[in-house]
Structure formats: structure tokens, C-alpha cells
Amino acid sequence: MRVAEISLPAIRHNVARIRELTGGAVIVVVKADGYGHGAAIAAGAALAGGATMIATADLEEALSLRENGIAGPILCWLHGVHTDFAAAVAADIEIGVSHSRHLEAVAAAAIAQNKVATVQFKIDTGLSRNGAAPEEWQPLFQRAAELVSAGVLCVRGIFSHLANAGDENDRAQAARFDAAVEMLRAAGVEPEMVHLAASAATMRSPHLHYNTVRVGVAAFGLSPFADTTSAQLGLIPAMTLRSEIVALRGVPAGTGVSYGFNHVCETATTLALVPIGYADGMPRALNGAGAWVTIAGEHRPIVGRIGMDQFIVDVGPLAGRLQLGDPVVLFGDPELGNPPVEIWAGLMRTINYEIIVGIGTRVHRCPVDGAQA
């Protein structure tokens, strides 16, 4: 009853588009279960589209990818104080290091297994979040050089994350990043991958591409900008959220709909019941906000209060053409006539990222290797 169709061709196209724009290596981030698309599904399609590496936030996500058959390079960078890196070293997962404690723990795991562990340095250049602070860079890099010389570690890269607070701030962060890269090189370590740009800078700031970019939402075909659509960026939304009609009910004028009767039918009409609700990531606050779905190729409004498991659509003049089991598209590719996810995001005063990662576990992720409808 509840399906998120994930277009593999769309993800492959988006990664190829990003490679075309940047001309360098592309890291595709599949944290938060692949931004709600299914991490293993997304990772496989991204690698097939030419991604150089897959990335997650934490180690548990990275290990899950290995367990689900993703054999390509994987990077993760957000670690708890007591994270045990032994499993990461054993599974050949690259560790984003943002503290000397991380570096020593990874080195100890490598020595214990008689393996060379691979790391990348995550540094803070002004986002004031995860990453080594400037005063930590020199001792961190010098110690890494010692461990590289000892055959314990390989340092593949160095990266940071932009605040997306305007061009002036981006350039200031880039200047700090450049200083960190030079400091790493001065310590005797030459990074293979140097990356600062996430989706926004990848699409609009070619001077920040370096030799690698690290994209999340753009790989899934969504725009990181409020003023630009996916199509304008040459991207294709990969997720189509679908359900079906499970009940049709003709009602007279004056009929109240769902809890609280905050919607009352002005004329006689037909109501269709759709079995998705706020437990599945459909925001309850969409009630009465003007959201719509696509049924039989036409836009029809959501009416009445959204429940935990279901919502109601006024199908009006479509009634005679519909039957139980007919498909309902909640959002998808607007180029195919479907509601864009940005409608929900706009009505909720949030971003498309939050909507897609909030799609619940009852919704089956179904990979589709063909054209979407």
C-alpha cells in the first residue's frame, strides 16, 4: 500500500551530471538511509553512475552497507567518544578523523590487526560543528605523518564542510581550508582527495571543487536551492512516493471529513481513502495547507485531517473513472506531472531534505531500473 519507488537511472544520471560539471572525483553521501531512499539501493546506483566513493555519517551506517554487499570505497566521519574502530579497519572502511583521540584509536586498531588503516582528516573551517579546530591541525598532521612512515596509516584525503552562508563566508572558509591542506603537505603527507564542496557549492561554485566533491541531496535529484528547480540544474528526482485508493465514498454537501470536521464538503463529491499517514512521514500539518496528489494524471486536493495511517482526497469529477487499487502519487518528478516534494517542504516551512529523510519504515523502498511514470 505504501511504496517509495527509487529510480536507479535517475541516480546514475545525477552522478554522471555531477561528474560532468566538476571533472573530478565524486563522493556520494548516503547517510540517513540514503536520504530516505535506502542506503544500499542508493550506493549501488551511485557507484554504477561513476561515483568514486560512498560516504555515511557514522560507522554503523558504513558497516551496514558492507553487510548489504556494497564493496566500493566507503568513508564515515561522525564518531562517538567510545567508538571501536576495529570493525571499520577489518571492513576496509575509511575513517574521517577530527581528533587526535580518533587518530590514535584507528592506529591501535590497525596495529592489532596488522593492517594499514585509511583515514581522511575532517577539519572545521568555520561551520563550528564536527571537525578538528585550527589549533589541533599541526600536531594532528605531524602525528599522522609519523604513523604513515611507520606503515600503520594511509591518509587518503582532507575535507571540510561549508556553512552555505554566502559567497564571502564560503571564500573565507576556503582560505582556511587551503591553509590546512598546505599544513598537511608541509608535514609530509600528500592527500589524494581534497574536498570542500557539498551539493550547493558543487552546483554553483566551481572555484570550490578542488579535485573532489561530496554530494548528498543532488545525487538524489533534488535542488539544494529554494530558487532553482531540479530540472534547471539538470537533475532528476529519484524518489516517487506512491500509494493506492483503498476506499471510495460518495457524500452529499455538508459532509464533515476526518477528525474534528475541519473540512466540510461544500458540494456533493466523492472521497478517496489513501493508506499513508503521519506515521509514514506525511506531515500532519499539511492538513488544510493546500497540498495535493496526482490521481489518473490529475491534481486533486488532500482534505480533512491527516491520520496516523491514512488521509483523504476529494476526487470530485474523477469519481466515475476511478476504482479501488488505482495509484496515487504523493510526490515525484514534476517533469512527469507529479507533485514535487518541494510543495510539502514549502508548506511546512522546511527543506526538501527533511521531508525525504522523514519517510517512515512502513514505506517499502522499491528500486526501479526503468522509466518512471
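Every number in this text was worked out from the coordinates using simple rules, so none of it is lab data. Because the structure is a prediction, the values reported are computed rather than measured. With ideal geometry, Cβ positions are generated from the backbone for all residues, glycine too; neighbour counts draw on all protein chains shown.
Worth a mention:
- Overall form of segment 239-350 per C-alpha gyration tensor (a/c, 1.5; a/b vs b/c): oblate
- The chain: relative contact order as a whole-number percent, Cα under 8 Å and 6+ apart: 18
- Segment 37-76 and segment 89-106: distance between their alpha carbon centers, rounded to Å: 18
- Mean ellipticity per residue at 222 nm, deg cm²/dmol - from DSSP H runs of n ≥ 4 across the chain, formula -39500 (n - 2.57): -9000 deg cm²/dmol
- The chain: angle of helix 8-22 to the longest principal axis, Cα-based, in degrees nearest 10: 50
- Between residue 55 and 28, 29, 30, 75, the built amide H atoms are under 5 Å apart, and every one of these is 5 or more places off in sequence or on another chain.
- Of the trypsin sites (Lys or Arg not before Pro) in segment 271-373, the ones in a loop by DSSP (not H, G, I, E or B) with at most 12 other beta carbons within 10 Å are 349.
- On Cα atoms only, tilt of 100-113 relative to the major axis of the chain in degrees: 80
- Axis of helix 134-149 versus longest Cα principal axis of the chain: the two differ by about 70°, to the nearest ten degrees.
- Integer Hz, Karplus 6.51/-1.76/1.60 couplings in order for segment 170-183, x for Gly and Pro: 4, 5, 5, 5, 4, 5, 5, 4, 4, 5, 5, 4, 5, 5
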